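Single-structure report; data block below.
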Amino acid sequence: MARPVPQQTLEWLHRVLLQEYRDVNRTYSDVASALQSYPSLAPRTSVYTYENGKSELLLNLHGTLPTTFRLAVYNIPVSIWISHEYPYVAPFAFVTPTAAMSLRPGNHVDTNGRVYHPYISYWNGADPQTNLLALCAVLGDIFGKEPPVYGKAPQQQQLPRPLTQPSQPPPQHYSPQPSAAAQHRNPFSPRPQVTPEAPAHDDNLISFGNAAPSYSPAPNHSQAPAAYAPTALNLAQQQPPTYSPQYQRPPSGLPAAPHVPQLPHQQVKQVLHPTPPVPPPVPPAPHLQQQTAYPPQVPQVPHSQANGYSLPSLAGQPLTTIPPRDIIDESPPTVPSLSNQPAPALPPHPELTRLLNDIAAILQKKATETQPKLQQQTDRLRDTLDMLRRTEASLASEQSELARVSDACHRNTKTLKDKIKRAEETIVEASQRGEVNVDDVVCAESVVFNQLYELTADDLAIEDAIYVLGKALDRERISLDIFLKHTRTLAREQFMKRALVRKIALDTGLSK
Amino acid sequence: MNLQQPYAPTAYSSSSFSSTAALRSRIPLDEEARLYRTSAQRDLYESLAEIYAIIVTLDFVEKAYVKDTISQEEYTPICSRLLAQYRTILKNQDVANEFKDLDSFRAQYDIEYASAISRLRVGILATVEHPVSKEPGSTYTSEQSTPAPSRAAASARAAADATGNFITFMDALKLNYKAKDQLHPLLGELMTSLNAVTTKDFDGRAKIIEWLIKLNSMKATDEITDDEARQLLFDIDHAYKAFYTILE
């Protein structure tokens, strides 16, 4: 019955276990030996939701267990979950009836399909003899005594699910959260794009002081998903498009080996590096960068344009302005509008010009001084805003949680009150009912068991009768002959009854 | 999660035992069960019932004898009758097969009755095993007024009987009689006749009783080994000589 497990499966299993499992070696060896002995079981990872609402991604063995019931072999579909704390926590076993079967709750299986057994409840993880293989054997044993499922055609054997290759696991249990354990979900990287885009937006907002979010670390993210990069680069189109040729080349050369979990790191890096100023490789000559933080500059630029002067470019600013026009080297301005005017005005007073320049310089200096402070304040305000938003979200969730709990409590109280009232009514009714004949009440469910009750009662009654006869003989109330005769008769009868009790017990399986 | 219950909390838990018992049962539970279906089975069970009845009765008789409820004159015939009936029933081959042996019968049917069992194992009556003299005075004082000549005649006769039985038994051994069903009756008669002569214990008497018990515990077709036969012969011979000595 054992079949060697494919090497790929074992490697995948080992990789998965290394993630979050506490005792990797023990879990690995137990699971491998169970898979080997029961080739109808297949491993996969899936999200398991506990009764308290928590969900975790756990290793799950699913498939069928062959069991023998009344000389026929049935394959019962089961699903066994291995918790992260294996082997200190017992695995959970469920019976998962297919569409053609119905679940049969009984001594070991409850209405949800959960399997109960003393082997599970007295599971001792420290003992290496307590392992999955033994659990599967125990399950097969109890299912053979009490089949947990029944179907319309119980003779048909359920096909065990085919053993899936772990490199293409069935996608129906994919966890949408980009958690670290979802490493092997290769084909599903395009989905979580929504989340990375939002931080990228924020990047752009925060880093308005820069021409572009720094994609220079992009070559380090050699595994950035191909789908992500073009989108983020599209955002970068708002920024100088001359950057794009340079940065489009690295992403297209990226290997298509997406790693979803690296995204948060990427975003984090980008958020952390909004500010290394990347000097524009090519000064975009004809661009006028209109940034909203420099309103004081905007009116001045046209003003200086009108004057024929432009302000010197600010230090540390990748903002460019029109380079100052060199009036000496240029040909005299042919300003057609001026020719229609009267004689040119007097050149401005040099003192005035100087004063104006000074004032402009001072104002400029003040602007540059206050800019970082304003920047800082904006940052702080932004942080506070974020924190407030987050707190608000968590408060809202807590509030909803509390509301839910309170609702549940109310419902429970109401149910309890109802039940208590009904119980009290029943008590009153029962006390009014009066005595009941014991013989009528004590009865078994089937004819044979009733017979068993009667026979056992008779056996013991005859025992008592013989004893009393013996006592009578002792006290010489009866003579020896009578005693002997009656004792013989009674003993014969007693034997027949006892023999029948024994026969019934053996036949119905009550005793071995 | 180690705190979970060992058995499922189903709504049917109150009747789950019988429903699973219904699954496990090899016979249908809807009609009455019967002990036997053929008359051969019926006879078998009735014979076993007879054995059981004998055991029960024997037990009470033993206890009554010990408690002095019945005298030894009442006890002896009843007990020997019961023992004879027991042996007769067991001669039936079918019954013997079903019965196997006393211990397995006891275990199967939950039988206690220790006194009866030990009596059946030993195979001889209490009055034979530990004889009580029927003659008043022979064990206590010899100053009783009983007619001496009739007593003498009776005891001479008994002594001759006993001697004859001794010789018969020893001859049987020398003729290589080894089977239980050959030796046991002879030894039983010897014992009875010895008791008729005297109840005084003589050297070797215990040995005879021991051999009697041993023979009784064997099956009818069992044989004693050569070593045992020699030992038995020696013991009987020794007892004969001792018996002779106490005869005055």
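Only the coordinates and a few stated rules stand behind these numbers; no lab work does. Because the structure is a prediction, the values reported are computed rather than measured. Glycine also receives a Cβ, built like all others from the backbone with ideal geometry; neighbour counts cover every protein chain displayed.
Side notes on the structure shown:
- Per-residue shielding of B:106-113, expressed as the average number of other chain Cβ atoms within 10 Å of the residue Cβ, stands at 2.
- Neighbouring partner chain Cβ atoms per residue of A:429-442, average, 10 Å criterion: 0
- R0 of 56 Å, Cβ-Cβ distance A:A461-B:E189: FRET efficiency to nearest 0.05: 0.80
- Label sites at B:S155 and A:T353, each approximated as a point 7 angstrom past Cα along Cα to Cβ, lie 17.6 nm apart.
- For the residue pairs B:K91/B:K207; A:K485/B:K63; B:K91/B:K219; B:K178/B:K200; A:K471/A:K497; A:K471/B:K63, the alpha carbons lie more than 21 Å apart in B:K91/B:K207; B:K178/B:K200; A:K471/A:K497.
- Förster radius 35 Å - calculated FRET efficiency between A:E454 and A:A100 (Cβ-Cβ, nearest 0.05): 0.25
- Length available on full extension from B:A107 to B:E73: 0.36 nm per residue minus the Cα-Cα distance, which gives 8.9 nm.
- For region A:367-512, the spherically averaged projection of the C-alpha convex hull amounts to 22.6 nm².
- Magnitude of the charge dipole, region A:9-128, Cβ model with Lys/Arg +1 and Asp/Glu -1, debye to 20: 320 debye
- Spatial separation of Cα centroids for region A:100-146 and region A:17-62, in angstrom: 16 Å
- Peptide B:58-70 shows a mean partner chain C-beta count of 3 within 10 Å per residue C-beta.
- Here the gap between A:T378 and A:N52, fully extended at 0.36 nm per residue and compared with their Cα-Cα distance, gives a gain of 113.1 nm.
- At R0 = 60 Å, FRET efficiency that the Cβ-Cβ distance of A:E435 and B:Q93 yields, to 0.05: 0.60
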